[in-house]
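To start, the structure itself, in structure tokens.
Each reported figure results from applying straightforward, stated rules to the coordinates on display, with no laboratory input. Here the structure is a predicted model, which is why all the values come from computation and not from measurement. Virtual Cβ from ideal backbone geometry, glycine too; neighbours counted across all protein chains shown.
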Amino acid sequence: MLSEHCLFCHGEMGARVSWACFFEEAEESFLCPSCEAQLTEIQGETCQICCRPLEKLDPQYICGDLCYDCVRWEEDPEWKGHLQKNASLYLYNNFLKELISQYKFRGDYILAKAFSRKINEKLRRIEYDYIVPIPLSAERQFERGFNQSEALIREVGLSPAYLLQRTHSEKQSKKSRTERIHIPQVFELRAESEIKDKKILLIDDIYTTGSTLRHAAKILMQAGAKSVMSFTLARG
Amino acid sequence: MSNDSSNQISIIIEVFLLRFALIDNKLVPEPLLVKSTPTKPITQHDVIPQPPQNPSYSFNHDLQDLLKGKQLLLDDIPNSIQEIQAHYENGYLLLRKGITFRKNKPKCERCGNEAPSWFAVFPCSRCRESCIYCRKCIMMGRVSSCTLLYSWIENEHIDAQPFESPLLSWTGTLSPGQQTASAQVVEAIQGNKEYLVWAVCGAGKTEVLFEGIHYALLQGKRVCIATPRTDVVLELTPRLQAVFPTIQVASLYGGSEDRHKNAQLTITTTHQLLRFYHAFDTMILDEVDAFPYSVEEALQHAVKQARKTTSSMIYLTATPNSQWQKECRLGKRDFVTIPARYHRHPLPVPHFVWCGNWHKSLKQDRLPRNVMQWLQERIESGKQALFFIPKIDLIPKILPILKQLHPNIEAVHAEDPQRKEKVQAMRSKELLILVTTTILERGVTFPNLDVAILGSEDRIFTESALVQIAGRVGRSVQFPSGDITFFHFGKTEAMIKARNQIIAMNKEALEKGLIDVE
């Protein structure tokens, strides 16, 4: 019933009958071809840490295979080495902005399905012990009714591990980069004993400055995690 | 790869839960429970008890203003949950379930949606259950099965305060056709009746409302004009404010500031109507025909909810759908026609011209010869034209062909970021021909204009769309005529009905002496 209409524009999907239908298992798709086409997958050379495409970046902000932002993070002894690597699926273009805003601010949970196939493909290539959603504050969680990162995990059929919680609420989008980086630790640990020597994969919807993920990575590494990687739907 | 879930750590996040206990026949939300009592989400409470009103309770007037005639979500109400609960317990708030179920099928009580494909399920942290939510009206805040709709319970007796001095400040005169309609509208409003004003494009239907609105306002009644398009709200607001200078007017559309204003006259998009509940004594619905049938059902739901149980309902349209036309013919619907424009000239009648398989021509980067000739003629005479096409996707094919004929040709569609600028360029005559999808079928007026449709057989061109498109031509007194050509690859019923409708209106106008014989 659901895949008759595009999850985003609600246009009819139309039956795509081809020879492939007889030979392959039909792939479930939730977006119509014209919406799907507006998503841009990240390809080509990217920063080896944060997955930022290097192609469009001014060469003066590239140092080897890293972007200048990551170089700065890694030069700082307080942050060095905490976040091993980030992988992101799509460029945060206007279309994805609209989609994500409908998904998380309007609370249209089911849009998580639109990404699940691609997310699954990516996650299969990452080795980890725990897959951990970036938590929301209690207020935010009530407001939305769900955690958008947790939903991305659930909709690919995985079980999230709740290793983190927010210490207090902060509206990230209203802050500048410096402010975001220098906020005091926003996460605290739950189930601390489980973390030692584990490979942790953090999940968030968007990587913007990387500050949220690095804060989470730092506290997990300090608790003895073996490594922390992250995956985000969009790379801002 | 390590996706095994055997040693997953599951911790339930503690959030404020929206579940209710039933205490002394009142619903009490979980955070306000003094001792621990079993709670259930709202879906599992069969009825919502409605405590009797306590007249000595000193209620919050701001909350009254916010919720009077509305149906809002908890998220729209800034007051504390304690204060909201106190108003409910003292009988000042009506609580209704956001989603109801009939034979296990969900219905959104706010927007009326019942289509299964417009619902989805999610694990809800508010009620800790699997919650069904409506995707249709999600842009106005999510209504899910644990959501309540909050309304104020009004005390009618205190509410209506009649005015004594006249409120209408308008010095114009009505044409004979308008006068007849105006008198009928007043009568319908007086008698709380349903009434249709069927006025041809360019008849001047807004003026027909003034007397009726005036009557309603004098009685202290709340009046609403609803229209599908924001442009119309923006255009009508200053006009009506000027006509009723002492009356408070709320102008509602997506992103407008007046959202919580409690005004005597509300001018709103039909979409914003969804926030109203038993609010209006007089409801005026403009351009009923602007909706495809499926959308119309949702609209009827919104209108029904926004009206008071006893209220009048005025429909305005240039092109009622065939069902309505039939009801008019059979005498099942009260209506009046204004068959002529105020300038007393007949409506220009469309020509049908067969243009063959124009899709095929387009594949070879050509347009049918007779279409090209029509365009060439406008270019030579320098007369402005709208060129309607059935689909946006055709623009990249068609526009380059037309641009070879003349540089001052542009194309516009609904999502065009430069839509306003292009329409403006057409107004200022910088553009000669504007290629457009059906978005310009109504609302826009250019004084001296010809119109053509390429592919008028497409099903997007319904009878009402075609009448509206034809209605763009000959609007001004200086240029009361013009050419309307429907280039088609096979005549459709909609085309024939549209032309017959125009011819019938001209005939009626002639019989009633509303047009001058040329």
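Segment A:E78..A:S193, full-extension length gain: 39.1 nm, with 0.36 nm per residue of separation and the alpha-carbon distance subtracted. For chain B, the cysteines with no partner cysteine C-beta closer than 4.7 Å are B:C201, B:C224, B:C328, B:C355.
Within the shell of other residues whose beta carbon sits under 11 angstrom from the beta carbon of B:E187, the net charge comes to -1, with Lys and Arg scored +1 and Asp and Glu -1. Within the same chain, lysines fewer than 8 places from B:K403 are excluded, and of the rest, those with a Cα less than 18 Å from its Cα are B:K363, B:K383, B:K422, B:K429. Remark: mean inter-chain Cβ contacts per residue of B:116-125 equal 6, using a 10 Å Cβ-Cβ cutoff to other protein chain atoms.
For chain A, the equivalent ellipsoid derived from the alpha-carbon gyration tensor has semi-axes of 31, 21, 18 Å in decreasing order. Please sort by residue number the GluC sites (Glu not before Pro) in the range A:30-89 whose DSSP state is loop and whose Cβ has at most 16 other Cβ atoms within 10 Å. Filter output for the range A:30-89: A:E45, A:E55, A:E78. Computed from the C-beta positions of B:I460 and A:L57, the FRET efficiency with R₀ = 35 Å rounds to 0.20. Taking every alpha-carbon pair under 8 Å whose residues sit at least 6 apart, the range B:257-409 reaches a relative contact order of 16 percent. For the range B:339-369 versus the range B:235-278, the inter-centroid distance based on Cα atoms is 38 Å. Here the peptides B:508-515, B:485-492 are ranked by packing, the mean other Cβ count within 10 Å, and the order with the highest first is B:485-492, B:508-515. About its Cα centre, chain A has a charge dipole of approximately 560 debye under the convention of +1 per Lys or Arg Cβ and -1 per Asp or Glu Cβ, with nothing else charged. Projected over all directions and averaged, the alpha-carbon convex hull of the protein assembly as shown occupies 40.2 nm².
Each Lys or Arg adds one and each Asp or Glu takes one away; over the other residues whose Cβ falls under 11 Å from the Cβ of A:E150, this sums to -1.
Take the Cα of A:E12, step 7 Å toward its Cβ, do the same at B:Q376, and the gap between the two points is 3.9 nm.
For a label point 7 angstrom out from the Cα of B:R344 toward its Cβ, which stretches of the range B:193-212 have the backbone nitrogen within less than 14 Å? Zone members listed by number: none at all. Using a cutoff of 8 angstrom between alpha carbon atoms and counting only pairs six or more residues apart, the relative contact order for chain B works out to 12 percent. Computed from label points 7 Å out along Cα-Cβ, the spacing between A:R125 and B:Q219 is 7.0 nm.
Summarising the amide proton neighbourhood of B:V435: residues at separation of 5 or more, or on other chains, whose placed amide H is nearer than 5 Å comprise B:F387, B:E410, B:A411, B:V412.
Peptide A:141-153 is shielded by partner chain Cβ atoms: per residue, an average of 4 of them sit within 10 Å of its Cβ. Ordering B:L405, B:P339, B:T317 by Cα displacement along the dipole of the range B:313-453 toward the positive end leaves B:P339 in first place; charges were set at the Cβ atoms of Lys, Arg (+1) and Asp, Glu (-1). Positive end of the dipole of the range A:77-122 (Cβ unit charges, origin at the Cα centre): among A:P77, A:N93, A:I110, the Cα lying farthest that way belongs to A:I110. Placing a label point 7 Å from the Cα of B:L405 along the Cα-to-Cβ direction, the residues of the range B:368-393 whose backbone N falls under 18 Å from that point are B:368-391. Separation of the alpha carbons by more than 31 angstrom is noted, of B:K35/B:K97; A:K122/B:K103; A:K196/B:K40; A:K104/B:K261; B:K70/B:K205; A:K113/A:K198, for A:K122/B:K103; A:K196/B:K40.
For B:I284, nonlocal amide neighbours, meaning residues 5 or more places apart or on other chains whose placed amide H falls under 5 Å from its own, are B:C224, B:I225, B:A226, B:I314. Given R0 = 30 Å, the distance between the Cβ atoms of A:E28 and B:K391 translates into a calculated FRET efficiency of 0.60.
Summing charges over neighbours of B:M140, with a neighbour being any other residue whose Cβ is under 14 Å away from its Cβ, gives +4 when K and R count +1 and D and E count -1. Counting Cβ atoms of other protein chains within 10 Å of each residue's Cβ and taking the mean over peptide B:134-144 gives 3. Amide H contacts under 5 Å for B:H351: B:I484, B:T485, B:F486, restricted to partners 5 or more places along the chain or on a different chain, H placed in the peptide plane at 1.01 Å from N. Each residue of the range B:166-174 was assigned a 3J(HN,Hα) from its phi angle through the Karplus curve 6.51 cos²θ - 1.76 cosθ + 1.60 (θ = phi - 60°); the sequence is x, 10, 8, 10, 9, 10, x, 10, 9 Hz, with glycine and proline shown as x.
Each residue, B:V517 and B:K26, gets one label point 7 Å from its Cα in the Cβ direction; the gap between the two is 7.7 nm.
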